[in-house]
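Below: one structure, written as structure tokens.
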Amino acid sequence: SMVKTLKKPTIHPGADDNASGSAAVMELTRRFGAVPDRVGRRLVFMCFSGEEIGLEGSKYYCDHPLFPLEETAAMFNLDMVGRLRPDEKTHKENVLVEGAGTGKNFADLIDAANQKYDFNLAKKSETLPANSDHFSFYKKKIPVLFFWTGYHSDYHKPSDTADKVNVAGMRKFVDLSADVISALAAEEKRPEYQAVKVNTAKRSDGPTLHVMPNYTDGGDGLLLDGVADDGPAAKAGLKAGDRIVEVAGTPVKNITTYMEAMSAQKRGETIDVIVL
């Protein structure tokens, strides 16, 4: 959605989005595959194509599953796991957790697994983003978990290169993921599906300020990790570290209220944005 015209086609290596997730899936496959006489639930390791153009691969799987969906206990999604970073306040490493509200005991299970690692878990249990392959499964009433390490200024840019991936961080991230998957595989009872509010306000639904939100911040308003060059936010002088507290007269408490306020706006109109 950038307006810049490139002189020539440019390679987007996609190291964090999503070679990191693909590598994590392969590592988990290697680890679980090496366990002799493993007992517990069947584990299916899979990578989906076509996520960027509308979750095409995972949608197709859910319509043509290799194993019946009514026998599928949970789906664990890894998308962008290569940029583990410390939290500014707690200095613990941030792991973003989506879907904790979709399975009845998911939050407790994740917290128990995290005792060993002491990550700063940013759990949004009451909402679920519709932006990655977990969502295809959620729509079929399967509990889902989606762990990732957050956005950054190289997102969807040619600068998303392998040298910026935190490999040691990925290993620790995979350790936590493996423990959560092991717990899910060992449980007698399958997790109970729960409906949550879906965050469908995608970037294309309405006008956009072209800002990059900070998804781990717990404070009021929307903290910005960055702004896209030439976007409305950049032209208005917004920059990383600013906090949007109101859009067109609507108070902004968090990412969800920001998305709702933005999707109510019309393209081409001028709006007031209040920023700290």
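The values are calculated or read from the model by the stated rules, or taken from the named source; none is laboratory data. Source: prediction; values computed, not measured. Positions of Cβ are generated from backbone atoms using ideal geometry, with glycine treated the same way; all protein chains shown enter the neighbour counts. SASA here: full protein model, heavy atoms, side chains in, ligands and nucleic acids out. Shrake-Rupley method; radii C 1.70, N 1.55, O 1.52, S 1.80 Å.
Things to note:
- Fraction in percent of alpha-carbon pairs per bin - 10 Å, segment 235-276: 28, 58, 14
- Segment 99-228, accessible surface, carbon-and-sulfur percent (1.4 angstrom probe): 50
- Euclidean distance of C-alpha centroids, segment 225-246 and segment 107-183, integer Å: 26
- Taking the square roots of five times each eigenvalue of the Cα gyration tensor of segment 149-219, the equivalent ellipsoid has semi-axes of 30, 23, 11 Å, listed largest first.
- For segment 41-166, the Kirkwood hydrodynamic radius from C-alpha pairs, put into Stokes-Einstein at 25 °C and a viscosity of 0.890 mPa s, yields a diffusion coefficient of 155 µm² per second.
- Charge tally in the Cβ shell below 10 Å around ASP16, where Lys, Arg are +1 and Asp, Glu are -1, ASP16 excluded: -2
- Seen from VAL196, the other residues with C-beta closer than 15 Å to its C-beta sum to a net charge of +4, counting Lys and Arg as +1 and Asp and Glu as -1.
- Over all distinct Cα-Cα pairs of segment 113-233, the Kirkwood formula returns a hydrodynamic radius of 17.2 Å.
- Kirkwood hydrodynamic radius computed over the chain comes to 20.0 Å, based on all pairs of distinct alpha carbons.
- Once the 1.4 Å probe is applied to the protein heavy atoms, the chain comes out at 54 Å² accessible per residue.
- Protection-proxy order for peptides 224-235, 260-271, 30-41, each taking the mean of Cβ atoms within 10 Å per residue, highest first: 224-235, 260-271, 30-41
- Ratio of Rg to Rh over segment 87-137 (Cα coordinates, Kirkwood Rh, two decimals): 1.00
- Most to least packed among 126-137, 52-63, 89-100 [average Cβ atoms within 10 Å]: 126-137, 89-100, 52-63
- Cα gyration tensor category, rounded, prolate or oblate, for segment 1-76 with a/c compared to 1.5: oblate
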